[in-house]
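In what follows, a single structure is set out as structure tokens and then discussed.
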Amino acid sequence: MAKMLLGEKVGMTQVFDAAGNCHAVTVIKLGPCHVLQVKTADKHGYDAIQIGYKDKAKKQANQAETGHAAKAGVAPKRFVREVRLASAEDKPLGDEIAAGTELNVSLFEGVKAVDVVGTMKGRGFSGVMKRHGFSGLETGHGVQRKHRAPGSIGPSQFPGHVRKNIRMNGQYGNSRKTSRNIKVYSIDVEQGTMLVEGAVPGYQGSFVLVRETKKRPRGWDKA
Amino acid sequence: MSMNEVMQLVEGTSLRSDKFEFEIGDTVDVQVRILEGDKERLQPFSGIVISRRGGGTRENFTVRRIVEGEGVERTFPLHSPRIASVVVTRKSKVRRAKLYFLRDRIGKKAYRLKERPMNQPPTDAAKKPSRKGRKAKAEAAPVAAAPAVKASAAKKEKKRAARSKKKEA
């Protein structure tokens, strides 16, 4: 069963569990999402459901969006994504799903870890130390004006050019980022929130996509 | 539901309902629950509260004490269930929110804060009437203000007398 929902990052805080341990968690307001369309292999070439989060103001939506959402009997949405299904039987909630169905956090009951996809905070044009975690050169010891430089970027006359995919400076952030295998701390169906341990890409209030992870749980080989 | 409300709901579950009443400069006994195997015991830590920071579930406070001539500080999360109790044993008169200046003090001075009797309201600036309020009061009762000056003059004279007496002695 494909489990995926849309939501927004609320922010980080810390909570205490029953044993008194402190956990740094990110609060995600997850759903409710409405199914806007169910795509089938016969008609569209692949199986998927299209879900949308948060209503859009009427004047913000164009006619195409409004009409598409109206078919599902809901308001046009601000954040729309597709959940790809392995087969037609793979639908969340099974066959009950149809255009207009509401999905909420209860979908994630029993899920231990998730992938969170969001848009990273933009850092502008950054050097290699910030962008790729290079060590830079020495601060003293005869080094002049090159303290944060990358160092060598490749061999000399052969091949006579810089190899492809050398990590250099450039735009960092403001791009899609997936944080995989993030532990789910708790979910609250009433509040429509999910708490995950650790950080999640993006600003507070930015849209995120949460899906069940395909990765093995952390520490699976140690237990 | 706004984002802030969501956050408050989430944090609400971790906030403790029994709030500890203490202030900066108080000498406190903090009892910490410690798990040793299956047994739980209380470990005390007493000292002066020198700072309190953060909000919501992140609020914490720092207690400083001197152990064998060495300053020791411990920071406790205020809302941690591991804190069993915070009991105030002494209150003191302090004029700032962070008592980091105590770190530079050695010997007896490291403890020396003016004592304030227990069960008395704090003497912080916020509780005093504002300067404007005081001025208004003085204007409303100019008669009362006049003898006050006289009183201070009388005090000065007394002091002078005392000084001369000392000289004689």
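Quick look at the values:
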item	result
Greater than 20 Å apart at Cα, pairs in A:LYS43/A:LYS71; A:LYS39/A:LYS177; A:LYS39/A:LYS214; A:LYS183/A:LYS215; A:LYS29/A:LYS177; A:LYS3/A:LYS43	A:LYS39/A:LYS177; A:LYS39/A:LYS214; A:LYS3/A:LYS43
Nitroxide proxy distance, nm - points 7 Å out along Cα→Cβ at B:LYS114 and A:THR40	8.4 nm
Signed unit charges on C-beta, dipole axis of chain A, positive-most listed residue A:VAL143, A:PHE207, A:VAL10	A:VAL143
Within straight-line cross-link reach of B:LYS156, lysines at Cα separation under 21 Å, skipping those fewer than 8 residues along the same chain	B:LYS165, B:LYS166, B:LYS167
Dipole-positive endmost among B:ILE24, B:VAL87, B:GLY12 within region B:3-127 (Cβ charges, Cα centre)	B:ILE24
Under 14 Å from the A:ILE97 label point (7 Å along Cα→beta-carbon), backbone N, region A:36-64	A:36-41, A:46-52
Peptide B:80-90, shielding by other chains (average Cβ, 10 Å cutoff)	2
Dipole magnitude of chain A about its Cα centre (Cβ charges: Lys, Arg +1; Asp, Glu -1), debye to nearest 20	1400 debye
Selection from B:ALA162, A:VAL105, A:GLN37 lying farthest towards where the dipole of the protein assembly as shown points positive, charges on Cβ	B:ALA162
Dipole moment magnitude, nearest 20 debye, the protein assembly as shown about Cα centre, only Lys, Arg, Asp, Glu C-beta charged	3740 debye
Protection proxy ranking, peptides A:198-206, B:37-45, A:20-28, average beta carbon neighbours within 10 Å, highest first	A:20-28, A:198-206, B:37-45
Calculated from backbone phi, Karplus (6.51, -1.76, 1.60) coupling profile of region B:36-46 in Hz, x at Gly/Pro	10, x, 9, 7, 10, 9, 9, 10, x, 9, 10
Cα pair distances in chain A, grouped into 10 Å bins until the bin that holds the longest one, percent each	7, 24, 27, 20, 14, 7, 1, 0
Alpha carbon centroid spacing (whole Å) that separates region A:114-174 from region B:3-62	43 Å
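Laboratory data are not the source of any read-out in this text; all were calculated from the coordinates shown. Here the structure is a predicted model, which is why all the values come from computation and not from measurement. Here Cβ is always computed from backbone atoms with ideal geometry, including for glycine, and neighbour counts include all displayed protein chains.
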